[in-house]
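Computed from the coordinates by the stated procedures, all read-outs in this text should not be read as laboratory data. Only a predicted model underlies this, so the values are computations on that prediction, with no experimental measurement involved. We place every Cβ from the backbone using ideal geometry, glycine too, and count neighbours over all the protein chains shown.
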Amino acid sequence: MTDLKGRAAIVTGASRGIGKALASTAASLGINVAIAARQEGPLKETADEIAKKYKVQVLAVPCDVTKLEDLENLVNSAKAKFGAIDILINNAGVSSQYPFEKQPIEDFERLAHTNYLGYVRLIRLVINDMIARKSGAIINMVSGSTLCDPLPRNFIVYSSLKVGLRAFSKGLFWELRDHGIKVTSLLPGVTDTDLTGKLQEITTDASRLMSTKAIEDALKFALTVPANVCPLEIAVINQQTPWTAPVIPYKQAHPEK
Ligand SMILES: NC(=O)c1ccc[n+]([C@@H]2O[C@H](COP(=O)([O-])OP(=O)(O)OC[C@H]3O[C@@H](n4cnc5c(N)ncnc54)[C@H](OP(=O)(O)O)[C@@H]3O)[C@@H](O)[C@H]2O)c1
């Protein structure tokens with residue numbers, strides 16, 4: 001997408017963590033942002049902070065991405081304020097870390113609605129306007145855990161939904177390419193946010209956590225590549241996370257030696 005200044009983006013899960021970092025990155029490129037999360041207080045604080053720092057228009061829309069009526073209100077509010085939505089950054093997500101047999105059964109629905117269905121529904125709500133304008137960018141927050149096979153222990157419901165999201169996003173890339181719309185998945189490794197605050201064995205060693213910087217750079221890259229190019233997926237993995245180590249040891253001897 002050329003000339004990002006004055007464009008409009010929706011960013012979900014943007015009151016803190018990676019979403020806040022990505023909304024700030026978009027704003028730093030001159031993009032007006034409609035930011036969404038459930039809790040109004042922190043969302044408003046973030047909106048004020050971004051508007052003050054980057055001098056762009058920021059709209060805070062309280063929204064629970066598990067509710068269709070909230071997603072509709074988010075899209076309608078952003079369109080009323082900005083006229084059109086050029087970029088959708090689908091980021092809201094929740095985690096639930098348990099051995100499967102101990103995972104609260106009510107978590108499944110919340111995870112599926114937030115981490116998968118919320119993404120698909122929101123894209124469906126913005127896509128027809130983008131198709132009519134033959135322009136737009138969709139960024140989906142997937143996860144580096146989808147690169148692991150088998151999926152990391154204690155994360156299999158979360159990660160399998162992200163695998164589904166990754167597959168959906170890949171398929172969408174090809175479908176929407178013909179309409180001039182770009183679709184990119186971001187696959188971050190373990191990042192220092194509230195979501196990973198309780199991860200044992202990782203948060204005890206700070207070198208195993210990434211800051212949001214690499215993900216911010218990935219977003220900038222996705223939004224600023226030439227018009228006829230689109231990164232399908234960008235994975236940024238921290239070097240020390242044990243899960244993302246390759247299955248074949250790195251120092252494997254060369255077969256001819
Ligand atoms: N941190 C990591 O290591 C990591 C790695 C790979 C991928 N990711 C993905 O990155 C995304 C952001 O994660 P994070 O680490 O930044 O998490 P975080 O710090 O916990 O922030 C989550 C954000 O999403 C919002 N949110 C949660 N449920 C929501 C809902 N139902 N409706 C609307 N907003 C909701 C939260 O605000 P409210 O609570 O006020 O709604 C908050 O703004 C997630 O999709 C996550 O799966 C994270």
Would you check if there is a residue in segment 59-73 being within 25 Å of T196 (Cα to Cα), within 14 Å of the ligand (Cβ to nearest atom), touching a Pro at 6+ places or on another chain (Cβ under 6 Å) and not hydroxyl-bearing (S, T, Y)? no
Evaluate segment 90-113: report whether one residue or more is in contact with a strand residue (DSSP E or B) (Cβ under 9 Å, 6 or more places away or on another chain), assigned to a helix (DSSP H, G or I), hydrophobic (A, V, I, L, M, F, W, C) and over 20 Å from M210 (Cβ atoms). no
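What is the residue count in segment 164-194 for residues that are over 21 Å from G19 (Cβ atoms) and either without any contact (Cβ under 8 Å) to a residue 24 or more places away in the chain or in a strand (DSSP E or B) (or both)? Step through it out loud before you land on a result.
First pass over segment 164-194, keeping only residues over 21 Å from G19 (Cβ atoms): 167, 170-171, 173-181.
Retained after the next criterion (residues that are either without any contact (Cβ under 8 Å) to a residue 24 or more places away in the chain or in a strand (DSSP E or B) (or both)): 167, 171, 174-175, 178, 181.
Residues in segment 164-194 being over 21 Å from G19 (Cβ atoms) and either without any contact (Cβ under 8 Å) to a residue 24 or more places away in the chain or in a strand (DSSP E or B) (or both): 6 in total.
Is there a residue being within 16 Å of the ligand (Cβ to nearest atom), out of contact with any helix residue (DSSP H, G or I) (no Cβ under 8 Å at 6 or more places or on another chain) and among the β-branched types (V, I, T) anywhere in segment 80-94? Steps first, please.
Filtering segment 80-94 down to residues within 16 Å of the ligand (Cβ to nearest atom) leaves 88-94.
Filter once more, keeping what is out of contact with any helix residue (DSSP H, G or I) (no Cβ under 8 Å at 6 or more places or on another chain): none.
Taking every residue of segment 80-94 in turn, none turns out to be within 16 Å of the ligand (Cβ to nearest atom), out of contact with any helix residue (DSSP H, G or I) (no Cβ under 8 Å at 6 or more places or on another chain) and among the β-branched types (V, I, T).
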Considering only segment 24-37, I want to know if a residue exists there that is over 25 Å from R177 (Cα atoms), in contact (Cβ under 8 Å) with a residue 60 or more places away in the chain and either part of a helix (DSSP H, G or I) or not β-branched (V, I, T) (or both). yes
Output for segment 38-49, where each listed residue is closer than 21 Å to R110 by Cβ, touching a residue at least 24 places away in the same chain (Cβ under 8 Å) and part of a helix (DSSP H, G or I): P42, L43
How many of the residues making up segment 8-23 are more than 20 Å from V190 (Cα to Cα) and buried (at least 24 other Cβ atoms within 10 Å of the Cβ)? 3
Does S143 fit the bill of being near the ligand (Cβ under 10 Å from one of its atoms) and crowded, with 23+ Cβ neighbours inside 10 Å? yes
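One residue is enough: does segment 8-15 have a residue meeting the conditions of a type in the set (A, V, I, L, M), assigned to a helix (DSSP H, G or I) and touching a residue at least 60 places away in the same chain (Cβ under 8 Å)?
Start the filter on segment 8-15 by keeping residues that are of a type in the set (A, V, I, L, M), which leaves 8-11, 14.
Of the ones still in play, those that are also assigned to a helix (DSSP H, G or I) are none.
No, segment 8-15 contains no residue that is of a type in the set (A, V, I, L, M), assigned to a helix (DSSP H, G or I) and touching a residue at least 60 places away in the same chain (Cβ under 8 Å).
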